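K.L.:
My questions all concern the structure below.
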Amino acid sequence: MTHPIPLARPVLGPEEEARVLGVLRSGRLSLGPRLAEFERAFASWLGAPRASAVSSGTAGLHLALRAVGVGDGDEVVTSPFSFVASANVVLYERARPVFVDVDPVTLNLDPDAAAAAVGERTAAILPVHVFGYPADVAALEQLGRPIVEDACEALGAVHADGTPVGARGHLAAFGFYANKQLTTGEGGMVTSGDPAVKERIDSERNQGRAPDMDWLDHDRLGFNYRLSDLACALGLAQLERLDDLLAGRARVAARYREALAELEGLGLPCPDEGGARRGWFVFVVQVPPGVDRDGVVKTLAREGIQSKPYLPAIHLLSFYRERFGHREGEFPVCEDAAARSLALPFFPQMTDTEVERVAATLASALAASRNASPLR
Ligand SMILES: *Cc1c(COP(=O)(O)O)cnc(C)c1O
């Protein structure tokens, strides 16, 4: 049997080991020197004025929503085609996620649909740069509401006007879970333009403690959303090789495009358009309509290839259905994408041979599914 190919695999080497070991040996495992160093290095890599490290992308989104003043009874216009965290954080503040449909090409929040959903109670707009492709934030800026960007899949992405995703001056959250472009195991970062906003986020991640206060003085409600120095050290090592990691992902994506070009009816990730650049996070294809996607997943698995339906529509998750009465048919573009999306193995060190093996196996799985289909 040929070797298994996982969905994702982090790149970790002696540099990461040395950095983490350094923190272990220093004895300062949290709130030590690596925290501010990682924040500064990240902000500088990105081209953002400042950044706050937090314990996860979700924690970052939560603090970002609080920082723009989202609270009880507010509405936040957002995308249903995302990882569940981008909607959950709205509920953390007892606000309501108002989903609107996505653009059929980019699968990102459709600005016209967002405009139609903005009302008196809209306290923020929360676009998601899904699969690393930049959402049309410039259009959303016209709607006159604070913007919080879910950039957790979009490290390395660039907007059409040349601004890096996360550096437009809005609050933007990045995630560092093990499958992301940069990993700290668990972790995240919030970029912001305003120093007062950074101060608030830094305080709220640390139990509401103000920077100039003694350890047990707390002047606001806070959380424990800190990122340890161990994680920050790992992040610093990853940041040093980030350009290579991103280039590796782009190379694998290009190989996939070639290898899958001939597969009839298969939808590929949208190509970069008008100066926008994707920060490659996942390689997600859309299986042709009528294809048994679960059957394709099983066929790939039999050949040692991991794949996953990705992403499900948030409004159709059981919790959201029950809580808000959502039904099929509300957001047809999102639902069609959710029904047909399949994430293929994708990581910087994936070899051309591995890409070709995935493509060939997918081709035969699709052919088998076509032959079995009653429609043919
Ligand atoms: C990864 C991710 C997050 C945050 O995930 P954490 O596990 O909390 O770091 C949020 N939104 C999207 C779209 C993601 O892909």
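What follows is calculated from the coordinates using simple rules that are stated; it is not laboratory data. These figures come from a predicted structure and were not determined experimentally. All Cβ positions, glycine included, derive from the backbone under ideal geometry; neighbour counts span all protein chains shown.
K.L.:
What angle, in degrees between 0 and 90 and rounded to the nearest 10, separates the Cα long axis of helix 14-26 from the longest principal axis of the Cα atoms of the chain?
P.N.:
On a 0 to 90 degree scale, this one is about 30.
K.L.:
If you average the sequence gap of Cα pairs under 8 Å that are 6 or more apart and divide by the length of the chain, what percent do you get for the contact order?
P.N.:
In percent, rounded to a whole number, it is 22.
K.L.:
Which is farthest toward the positive dipole end of the chain among His3, Ala138, Gly329, measuring Cα position about the Cα centre, with Cβ charges +1 (Lys, Arg) and -1 (Asp, Glu)?
P.N.:
My answer, from the dipole projection, is His3.
K.L.:
Oh, and also: Pick from Tyr310, Tyr320, Tyr256: which residue has the top mean-square fluctuation in a GNM of the chain where Cα pairs under 10 Å get a spring?
P.N.:
Tyr320
K.L.:
Right, here's the next one. So how do Cys152, Cys270, Cys232 line up by other beta-carbon neighbours within 10 Å, fewest first?
P.N.:
Cys270, Cys232, Cys152
K.L.:
For the chain, set up a GNM with springs between Cα atoms under 10 Å and report which of Gly71, Gly27, Gly166 has the largest fluctuation.
P.N.:
The residue with the greatest mean-square fluctuation here is Gly27.
K.L.:
Report, in deg cm²/dmol and to the nearest 500, the calculated mean residue ellipticity at 222 nm for the chain, where each DSSP H run with n ≥ 4 adds -39500 (n - 2.57) and the sum is divided by the residue count.
P.N.:
Result for the chain, helices only: -12000 deg cm²/dmol.
K.L.:
Using r as the Cβ-Cβ distance of Leu12 and Thr163, and R0 as 41 Å, what FRET efficiency do you calculate, to the nearest 0.05?
P.N.:
0.85
K.L.:
Pick from Leu268, Leu234, Leu311 the residue whose mean-square fluctuation is largest in a GNM of the chain, springs joining Cα atoms under 10 Å.
P.N.:
Ranking Leu268, Leu234, Leu311 by mean-square fluctuation puts Leu268 first.
K.L.:
Among 339-345, 349-355, 279-285, 159-165, what's the highest-first ranking by average C-beta atoms within 10 angstrom per residue?
P.N.:
By packing density, highest mean first, the sequence is 279-285, 339-345, 159-165, 349-355.
K.L.:
Take the alpha-carbon centre of segment 98-168, take the same for segment 11-74, and report the distance between them in whole Å.
P.N.:
Each part reduced to its Cα centre gives a spacing of 23 Å.
K.L.:
For helix 195-204, what angle does its Cα long axis make with the longest principal axis of the chain, in degrees from 0 to 90 and rounded to 10?
P.N.:
Compared with the principal axis, the helix lies near 90 degrees.
K.L.:
In nm, what is the difference between 0.36 nm times the number of residues separating Asn371 and Thr351 and their Cα-Cα distance?
P.N.:
4.1 nm
K.L.:
To make sure I understand the rule: partners must be aspartates and glutamates, Cα under 20 Å from the Cα of Lys298, and not fewer than 8 residues away in the same chain. Which ones qualify?
P.N.:
Within the straight-line cut-off, Lys298 pairs with Glu354, Glu356.
K.L.:
Sticking with this one: Run the paramagnetic zone check for Asp194: 7 angstrom along Cα to Cβ, then residues of segment 85-123 with backbone nitrogen under 16 Å.
P.N.:
123
K.L.:
Among the chymotrypsin sites (Phe, Trp or Tyr not before Pro) within segment 190-239, which fall in a DSSP loop and have no more than 13 other Cβ atoms within 10 Å of their own Cβ?
P.N.:
For chymotrypsin sites (Phe, Trp or Tyr not before Pro) across segment 190-239 that sit outside H, G, I, E and B with at most 13 neighbouring Cβ atoms in 10 Å, the list reads Trp215.
K.L.:
Can you compute 3J(HN,Hα) from phi for each residue in segment 288-303, using the Karplus curve 6.51 cos²θ - 1.76 cosθ + 1.60 with θ = phi - 60°, rounded to whole Hz and x for Gly and Pro?
P.N.:
For segment 288-303, the Karplus-derived couplings read x, x, x, 6, 6, 4, 4, x, 5, 4, 5, 4, 4, 4, 4, 9 Hz, x marking Gly and Pro.
K.L.:
Arrange Thr191, Thr106 by Cβ neighbour counts within 10 Å, fewest through most, would you?
P.N.:
Taking fewest neighbouring Cβ atoms as first place, the list is Thr106, Thr191.
K.L.:
Let me ask you something else. Add +1 for every Lys or Arg and -1 for every Asp or Glu among the other residues with Cβ under 11 Å from the Cβ of Val130, and state the total.
P.N.:
Result for the local shell: -2.
K.L.:
Rank the residues Tyr92, Tyr177 as a footprinting-exposure proxy: fewest other Cβ atoms within 10 Å of their Cβ go first.
P.N.:
In order of increasing Cβ crowding within 10 Å: Tyr92, Tyr177.
K.L.:
Right, here's the next one. With charges only on Cβ, +1 for K and R and -1 for D and E, what is the dipole size of the chain about its Cα centre, in debye, rounded to 20?
P.N.:
Using Cβ point charges on Lys, Arg, Asp and Glu, the chain gives about 800 debye.
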